[in-house]
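Since every read-out is calculated from the coordinates, none of them should be taken as a lab result. Fair warning: this is a prediction, and the values are worked out from it, not measured in the lab. Here Cβ is always computed from backbone atoms with ideal geometry, including for glycine, and neighbour counts include all displayed protein chains.
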Amino acid sequence: MAQFHYVFLFKLSLIIMILLRTCVNGKRFGTTKLGSKFTFVPTNFDVENAKNKEYEVYNYTQTLDHFNFKSESYTTFQQRYVLNRKYWGGTAKSFPIFVYTGEESSIMGDVEYSGFEMTLASQFKGLLVYIEHRYYGTSMPFGSYEEAYKNANTLGFFTSEQALADYAQITLHVKSNLSAEDCPVIAIGGSYGGSKSSFIH
């Protein structure tokens, strides 16, 4: 009888974890692994003709290597991020900035199909900042996935630590540009991106 009880609890906990992951991430069960070429939305997503234009798409000139002082460390690439100011209350009362830490796909999939983030922004009059993970979507330091994955030197910069530093750089850049230095920042994300959000906090 006790064994049945443990099996039941184990199955119940698995079901709860799956449901929570789906609700928080807002996507289907199909997930990707780090290094996969799959994107939730194609990387050539037509931003100009998007039906819902509540957001602005930007590119930030990002440093390839945040932790060394070698000559190649100063190489830069264009990293995509997206702002949604629809619900933002502004800087006067220090309304929050919600930074969505992108995962293994184009950031436009998260922007177009978000739910949880929009609810947070509407409830707390927050600014939404979606940051694309390096080596995904258009944030490719070396032109293409094939070139990046073939080169061992390139893969050395494809780490969670570098991605966390990317998010910090872009967040500081956004706060400075919007004169929002006093606004609190809350990192959010799902799956791998959610893990990185917890590292930031």
Exercise. Which residue, chosen from Gly109, Phe124, Phe142, occupies the Cα position most advanced towards the positive end of the dipole of the range 98-144, where the dipole is computed from +1 (Lys, Arg) and -1 (Asp, Glu) charges on Cβ about the Cα centre?
Worked result: Phe124
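With the cut-off at 20 Å, report for the range 84-201 the share of all Cα pairs above it, as a whole percent.
Details: 3009 of 6903 pairs.
Of all Cα-Cα pairs in the range 84-201, 44 percent lie more than 20 Å apart.
Within a Cβ distance under 9 Å of Val82, other residues only, what is the Lys/Arg minus Asp/Glu net charge? Mind dumping the intermediate values first?
Values: positive: Arg80; negative: Glu56, Asp110, Glu132.
That sum, taken over residues with Cβ under 9 Å, equals -2.
Test of understanding: what is the full-extension gain from Arg85 to Glu56, defined as 0.36 nm times their sequence separation minus their Cα-Cα distance? Please report the intermediate quantities before stating the final value.
Values: separation 29, 0.36 × 29 = 10.44 nm, distance 0.87 nm.
Working it through step by step, the gained length comes to 9.6 nm.
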Seminar exercise, completed: Residues whose modelled amide H sits under 5 Å from the amide H of Tyr100, counting only those 5 or more places away in sequence or on another chain, are Val129, Tyr130, Ile131, Ile188
Exercise. Based on Cβ point charges of +1 for Lys and Arg and -1 for Asp and Glu, what charge dipole magnitude is obtained for the range 61-201 about its Cα centre, in debye rounded to the nearest 20?
Worked result: 440
Exercise. What does the charge add up to near Ala168, with Lys and Arg as +1, Asp and Glu as -1, over the other residues with Cβ less than 15 Å from its Cβ?
Worked result: -2
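Output the peptides 61-73, 92-104, 163-175, 127-139 sorted from most to least packed, where packing is the average of other Cβ atoms within 10 Å over each peptide's residues. Kindly include the intermediate steps, with their values, before the conclusion.
Working: 61-73: 13.3, 92-104: 20.9, 163-175: 19.4, 127-139: 25.1.
Peptide ranking by packing, descending: 127-139, 92-104, 163-175, 61-73.
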